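Beneath this line is the structure, given in structure tokens, with notes to follow.
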Amino acid sequence: MIDTLRLTAEGAKELLDRREVSGPELFAAYLEAIGERDPELHCYLHVCEDSGGDGIPIALKDVIGTRGIPTTAGSKILRGYVPVYDATVVARCKEHGLRVLGKTNTDEFAMGSSTENSAYGPSRNPWDPARVPGGSGGGSAAAVSAGLAPWALGSDTGGSIKQPSALCGNVGLRPTYGTVSRYGIVAFASSLDQVGPVAKNVRDCAYLYSIIAGRDPCDTTTVESPPVELPHRDDLKGVRVGVPVELNEHEAIEPGVRHAVERAIALCRDLGAEVGECSLPRSVDFGLPCYYLIAPAEASSNLARYDGVRYGHRSPHAEDRLAMYENTRDEGFGDEPKRRILVGTYALSAGYYDAYYGQAQKVRTVIAREHAEAFERFDLLVTPTSPSVAFALGGRTADPLAMYASDLLTIPSCMAGLPGLNIPCGLSDGLPVGLQLIGPQFAENMLFRVGHALEQAIGFDVVPERLR
Ligand code: GLN
């Protein structure tokens, strides 16, 4: 019997290498787990029945283009769309023998923090199905924590890997901007979008990152990144850990989250790190408002391609071409993409561009500088990932601003192009609390080292209590 709830990707690889289990047997074990638990959790939008491969299975967020496998980005406008090529990250996974289990649920076009904006219905949190798994990559995170995939790929524009990993109690990396190709990914906000791994532990996360990272001639924003070192040390000697006060003492942070994070910071000291305070005052005040100008502005441009002409939904109710465009977009997009297209188009329009998009880009530079100054004194920064634990389904859907506030602590470092790792650091009211480790550009190895050492010391059980 393969216990998919506990099996890590590294563990799966050992089983395969020692021929204790075959690729098809392993794949079948996950299909069985999906059959058992996915009707309740709804992590998958599409399950690949007959993969027949030999390698480790993997789940992919449904914004990642897969040749021959439907890719909807959680939107009605892409219902039935089957890409004719693989995203570069998918091609790299296949080169490593990884086999696609299926496509995981996401907020429509990755816009959201709960998966409730998916046109195909929300996913549920394996720790408590009455609560959200976070978003937008909630399907990937929930699948990994419920044993429906050993690991997964997500995408993160303002927190969509880090925040669901926090809410579901697993490990997620948003890599440095430019280290992983976006070729073949459904674009949301191109100056922010990143692809990254979701896993059960830091070593798996590092391993998957090593598979997908690297320059890609098809994505000119990519660069070569330092070789990945799988972490093994369990001390933090010589590491300087910065605690940004504004992001750790923000009033939105729940007491249970604050306590778990404080305990993790104390552990850093016990493990030999030097811990000190620092300040990111503008990041916390202006990060969120600037993001919600820049991301919608870029989305309004990226989503212009969904016009009913090239692919995806085309309205059958139209007399002429203009009506076809209008009806296609009206019928195909849900409320959140529409809201963002409106906000973004307004922010980019003549006469407003400088005041909104231009201004937000300048503030973004200030946020990046503020982080760079902190990294003159510290090797990495720690904060909570999400101000709250998983919230109730429906709890924030009526109030877009409350939903946007879920990203308060993940957005600033995304705006600065920096890597961020979420690791679980304890429970609050029986629900996982996520710790966010932020590094300077290309410092993924440092994040893995610190994340791994903390993970060993914390000893968090990643299997949801109700499934043990
Ligand atoms: N929740 C944020 C948003 O709605 C971030 C989403 C993401 O990272 N894709 O934009």
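The values are calculated or read from the model by the stated rules, or taken from the named source; none is laboratory data. Bear in mind the structure is a predicted one, so any value in this text is a computation, not a measurement. Heads up, the Cβs are rebuilt from the backbone with ideal geometry, glycines too, and the neighbour counts pull from every protein chain shown. We work out accessible area using only protein heavy atoms, side chains counted, and drop any ligands, DNA or RNA first. Shrake-Rupley method; radii C 1.70, N 1.55, O 1.52, S 1.80 Å.
Of the residues in segment 57-72, at least one is more than 18 Å from the chain's Cα centre (by Cα), assigned to a loop (DSSP other than H, G, I, E, B), within 27 Å of residue 163 (Cβ to Cβ) and free of Cβ contacts under 8 Å to residues at least 40 places away in the same chain.
Look at (1) modelled with pLDDT of 95 or more; (2) open to solvent by less than 50 Å² (accessible area, probe 1.4 Å); (3) in a helix (DSSP H, G or I) and you find that residue 286 fails only one, number (2). When residue 370 is tested against (1) away from the ligand (no atom under 16 Å from the Cβ); (2) open to solvent by 30 Å² or more (accessible area, probe 1.4 Å), only condition (2) is not met.
Put simply, of 112, 172, 134 the only residue that is within 16 Å of the ligand (Cβ to nearest atom), in a strand (DSSP E or B) and either without any contact (Cβ under 8 Å) to a residue 24 or more places away in the chain or not aliphatic (A, V, I, L, M) (or both) is 172. Only one of the numbered conditions (1) open to solvent by less than 40 Å² (accessible area, probe 1.4 Å); (2) over 30 Å from residue 336 (Cα atoms); (3) assigned to a loop (DSSP other than H, G, I, E, B) is violated by residue 54, and that is (1).
So which pairs qualify, if the first residue must be in segment 259-272 and modelled with pLDDT of 95 or more and assigned to a loop (DSSP other than H, G, I, E, B), the second must be surrounded by 19 or more Cβ atoms within 10 Å (Cβ to Cβ) and of a type outside the set (S, T, N, Q), the Cβ gap must be under 8 Å, and the two must be at least 6 apart or on different chains? That search, which allows pairs on different chains as well, returns 271/236; 271/453; 271/454; 272/236; 272/239. Of everything in segment 115-131, what is assigned to a loop (DSSP other than H, G, I, E, B) and either within 12 Å of the ligand (Cβ to nearest atom) or of a type in the set (D, E, K, R) (or both)? Give them in sequence order. Residues satisfying the conditions are 115, 116, 117, 124. Applying the condition of being assigned to a helix (DSSP H, G or I), in contact (Cβ under 8 Å) with a residue 60 or more places away in the chain and open to solvent by 20 Å² or more (accessible area, probe 1.4 Å) to segment 374-399 and asking which residue is farthest from residue 446 (Cα to Cα) yields 377.
Where the second residue is in a helix (DSSP H, G or I) and open to solvent by 60 Å² or more (accessible area, probe 1.4 Å) and the first is closer than 21 Å to residue 382 by Cα and lies in segment 275-304, which pairs have Cβ atoms under 6 Å and are six or more apart or on separate chains? The qualifying pairs are 275/269.
Within segment 93-109, the only residue that satisfies the criterion of being under 30 Å from residue 294 (Cα atoms), touching a Pro at 6+ places or on another chain (Cβ under 9 Å) and assigned to a strand (DSSP E or B) is 103. Of all residues in segment 146-167 being near the ligand (Cβ under 7 Å from one of its atoms) and assigned to a strand (DSSP E or B), which is nearest to residue 61 (Cα to Cα)? It comes out as 155.
The residue that is surrounded by the most Cβ atoms within 10 Å (Cβ to Cβ), among those in segment 152-166 that are aliphatic (A, V, I, L, M) and under 21 Å from residue 102 (Cβ atoms), is 161. For segment 2-13, a tally of residues being over 20 Å from residue 197 (Cα atoms) and either surrounded by 13 or more Cβ atoms within 10 Å (Cβ to Cβ) or free of Cβ contacts under 8 Å to residues at least 12 places away in the same chain (or both) returns 1. Filtering segment 310-326 to residues that are touching a Lys or Arg at 6+ places or on another chain (Cβ under 9 Å) and of a type outside the set (Ser, Thr, Tyr) leaves 312, 313, 324. Among the residues making up segment 175-188, those that are surrounded by 24 or more Cβ atoms within 10 Å (Cβ to Cβ), part of a loop (DSSP other than H, G, I, E, B) and within 12 Å of the ligand (Cβ to nearest atom) are 186, 188.
Filtered by the rule that a residue be part of a helix (DSSP H, G or I) and within 16 Å of the ligand (Cβ to nearest atom), segment 316-355 gives 335, 336, 337, 338, 339, 340, 341, 342, 343, 344, 347. Close contacts from segment 306-319, counting a first residue that is charged (D, E, K, R) and a second that is open to solvent by 40 Å² or more (accessible area, probe 1.4 Å) and at pLDDT 95 or above, with Cβ to Cβ under 8 Å and a gap of 6+ residues or different chains, come to 307/325; 307/329. Checked against (1) touching a Ser or Thr at 6+ places or on another chain (Cβ under 9 Å); (2) under 25 Å from residue 144 (Cα atoms), residue 370 passes all but condition (2). Suppose the filter is of a type outside the set (A, V, I, L, M), out of contact with any helix residue (DSSP H, G or I) (no Cβ under 9 Å at 6 or more places or on another chain) and crowded, with 17+ Cβ neighbours inside 10 Å; does residue 302 pass it? Against the criterion (of a type outside the set (A, V, I, L, M), out of contact with any helix residue (DSSP H, G or I) (no Cβ under 9 Å at 6 or more places or on another chain) and crowded, with 17+ Cβ neighbours inside 10 Å), residue 302 does not qualify.
Residues in segment 97-109 that are open to solvent by 10 Å² or more (accessible area, probe 1.4 Å) and either closer than 14 Å to residue 34 by Cβ or among the hydrophobic types (A, V, I, L, M, F, W, C) (or both): 99, 100. Can you give me the number of residues within segment 348-367 that are of a type in the set (Val, Ile, Thr) and open to solvent by 40 Å² or more (accessible area, probe 1.4 Å)? The qualifying residues number 2. The numbered conditions (1) small (Gly, Ala, Ser); (2) open to solvent by 10 Å² or more (accessible area, probe 1.4 Å); (3) more than 15 Å from the ligand (Cβ to nearest atom) are all true for residue 402 except (3).
So, residue 225, is that one open to solvent by 10 Å² or more (accessible area, probe 1.4 Å) and outside any loop (DSSP other than H, G, I, E, B) or not? Spelling it out, it is not the case that residue 225 is open to solvent by 10 Å² or more (accessible area, probe 1.4 Å) and outside any loop (DSSP other than H, G, I, E, B).
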